[in-house]
Amino acid sequence: MLFSSSTMGNYFHAFILLCSGSCFIISPLMAGNAWTDVVMVREDTSVTLSCFDSPPTSSVLVTWKIMSASKDRWSFLLSANYIDGQTDGRTSGDLAGKTFKITADASLVFRATAHAQGSYSCVIKQGDKKLRERIILLALIKLTVTPTPPVTVDSTLRLKAQVSPSSVAAWGTWVSSSGEELYTEISHDKGSLLSKLPRITKKDNGVYTCRIRVHGNNGTSVSEHRVNVTVNGRAVFSFINVTHGEPRSIAALAYSLVTLTCPPILGDYALLYWQCPDSKKMELIFQFDRWRRITNQTKAYLYLRDPASLAAAGNFSFLLSPALKDGGYYKCKVFLDDKAFSQDNRLSVLHGNAKPSHNALDLSCMYTERSQVKSVSWSYVQDPSRSLQFAAVLGRITTSVALPLTPETAGRYACTLYLKNGNSVQYVYNVTMANIDPTVSPGPTLPPAVPPAEDVSAYSYVSSFSLLLFLIPMIAVAVGVLLWRQGYCVTHRSVEQSLSHHSGEVENVYENPDDLRQTPPQGAVYMDLKPTGEMDVYKELDRDN
């Protein structure tokens, strides 16, 4: 494990290697490596190191030295007298195949190759007196864009910055051409900053900037380095080789949590497809871009499992709380750079309900994605050996419990679904009097329910009005009978003339007196009428006559 430390306001970087209980210090800078500034430049570019911020007012001797990253001592490079803003003496020299120059303002100029990496010391002397020393750490940054532009549409663009020495980077990020900070992974032990643009489009054309703040400089000192990205809009990338995982066959109760797994790859983005049972069309229901932090989904109750720790866990997975209709075939695809990985999940969902009737309680369970189901059956939990009768149709199985319940029929009933791979899921219903809804068997009409207190007056008014409508025709009948008895109602036709004959059967609102006499009274009041002759006035007959 590597650690960095600082002392007395100047940054002293050392690395402690812990191994097998013993530790020792290793340092690419070794002794005297408390630097004044850090200069970061792109590898294999020209660099200029300044000796002082403001030129001295008197004549001084400027001496440049180097301590390579692989050495622990200073090596002389160049020296020159600085007089009235100009240097004289030796202005160029070679060291290990590298050429160094001193400019007129005493700056050191050279090419920043990998072999030139290290610390540089500029010592200012006046006579034998040392006035000041500035130590500058040269850090290199290497930028790579993969694939090499122009980039194909739908490919994954990788922007990488490699900093050396690795410990120098305190913070960094990649910035898009529009000024938006991209999600950037920083590896401090390796000194790398990585950002990606999956499924790139023509809109991603532009200049991208890597911003880095280094240890040793003040907090506002940020080094910026740019690359240009172009996209070839006429070519589309396709994943030729796809690695397939072992298919999963799972079952779950409706509205319980079930995990839909993806390939165990820390990918750049993931796509989840769904094919509902008895359909051949696959639907894209979830998209997640780990770099852009974009999530799109079309199905409710579907979530990424712990998305905040995806980088640490290294695994995409989904949590689903399925309804019965959510059973089916799920395909998860994970994409990493130019590679694709696929994982299939086939899900059967089991859901149950109970429906009471006047003489039985019907227990049903429904299930989807039948293609992987081996069997479904009902059982009585208290006595599994008891054989239950049940009816089965496509995707549904029903058993009935006779009502009223008895101690032998009450209890727990289980509907168990078995998959072809041996997995199973079970729905259990506890049959008690508490979950049997009351039913009304056919019979006499029940009296109306008592209305609420606030509606009593209205109810009384309606009841009185209904009673009045019933009494009016009864009173009319009684008055009519009385008038007949007094002789006010006279007809010149006999009653027999008012009878209608059809097919030899009598059709009349009055009953046949002969038939009535043969039938014992049943508590009802009957009136038999017949003509008296001349005036055809009706006369009430006694039941005994």
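Hey, can you tell me all the residues within segment 391-413 that are touching a residue at least 12 places away in the same chain (Cβ under 8 Å), open to solvent by less than 90 Å² (accessible area, probe 1.4 Å) and over 15 Å from VAL428 (Cβ atoms)?
Of everything in segment 391-413, those that are touching a residue at least 12 places away in the same chain (Cβ under 8 Å), open to solvent by less than 90 Å² (accessible area, probe 1.4 Å) and over 15 Å from VAL428 (Cβ atoms) turn out to be ALA392, GLY395, THR398, SER400, ALA402, LEU403, LEU405, THR409.
Have a look at ILE141, ILE136 and point out the one that is open to solvent by less than 20 Å² (accessible area, probe 1.4 Å), under 21 Å from VAL229 (Cβ atoms), in contact (Cβ under 8 Å) with a residue 60 or more places away in the chain and not acidic (Asp, Glu).
Selected residue: ILE141, the only one of ILE141, ILE136 that is open to solvent by less than 20 Å² (accessible area, probe 1.4 Å), under 21 Å from VAL229 (Cβ atoms), in contact (Cβ under 8 Å) with a residue 60 or more places away in the chain and not acidic (Asp, Glu).
Residues that are surrounded by 14 or more Cβ atoms within 10 Å (Cβ to Cβ), modelled with pLDDT of 95 or more, in contact with a Ser or Thr (Cβ under 7 Å, 6 or more places away or on another chain) and assigned to a loop (DSSP other than H, G, I, E, B): does segment 326-346 have at least one?
yes
Can you pull out every residue in segment 212-264 that is among the charged types (D, E, K, R) and in a loop (DSSP other than H, G, I, E, B)?
Correct list: GLU246 only.
Can you work out which of the residues in segment 254-266 that are crowded, with 18+ Cβ neighbours inside 10 Å and modelled with pLDDT of 90 or more is nearest to ARG346 (Cα to Cα)?
Within segment 254-266, the match that is nearest to ARG346 (Cα to Cα) is LEU260.
Do we find a residue being outside any strand (DSSP E or B), open to solvent by less than 10 Å² (accessible area, probe 1.4 Å) and not small (Gly, Ala, Ser) anywhere in segment 95-104?
No, segment 95-104 has no match at all.
Name the one entry in LEU417, LEU350, LEU388, LEU361 that is in a strand (DSSP E or B), at pLDDT below 95 and open to solvent by less than 40 Å² (accessible area, probe 1.4 Å).
None of the others qualify; the one that does is LEU361.
Only one of these is open to solvent by 40 Å² or more (accessible area, probe 1.4 Å) and modelled with pLDDT of 85 or more: LYS299, LYS281. Name it.
Exactly one of LYS299, LYS281 is open to solvent by 40 Å² or more (accessible area, probe 1.4 Å) and modelled with pLDDT of 85 or more, namely LYS281.
Within segment 377-404, track down each residue that is touching a Gly at 6+ places or on another chain (Cβ under 8 Å) and among the small types (Gly, Ala, Ser).
None; the set is empty.
Taking strands (runs of 3 or more DSSP E) that do not extend beyond segment 111-203, which have at least 1 residues that are under 30 Å from LEU61 (Cβ atoms) and at pLDDT 90 or above?
By residue number, 118-126, 129-146.
Would you mind stating whether ASP189 is touching a Leu at 6+ places or on another chain (Cβ under 8 Å) and open to solvent by 60 Å² or more (accessible area, probe 1.4 Å)?
Taking the combined requirement at face value, the residue satisfies it.
If I filter segment 427-438 down to residues being outside any loop (DSSP other than H, G, I, E, B) and touching a residue at least 40 places away in the same chain (Cβ under 8 Å), which single residue comes out as least open to solvent (accessible area, probe 1.4 Å)?
Once the filter is applied, the top-ranked residue is VAL431.
The values are calculated or read from the model by the stated rules, or taken from the named source; none is laboratory data. Quick caveat, the model's predicted, so the values are computed rather than measured. Cβ sites come from the backbone with ideal geometry, for glycine too, and all protein chains shown count toward neighbours. Surface areas here come from the heavy atoms of the whole protein model, side chains and all, with no ligands, DNA or RNA. Shrake-Rupley method; radii C 1.70, N 1.55, O 1.52, S 1.80 Å.
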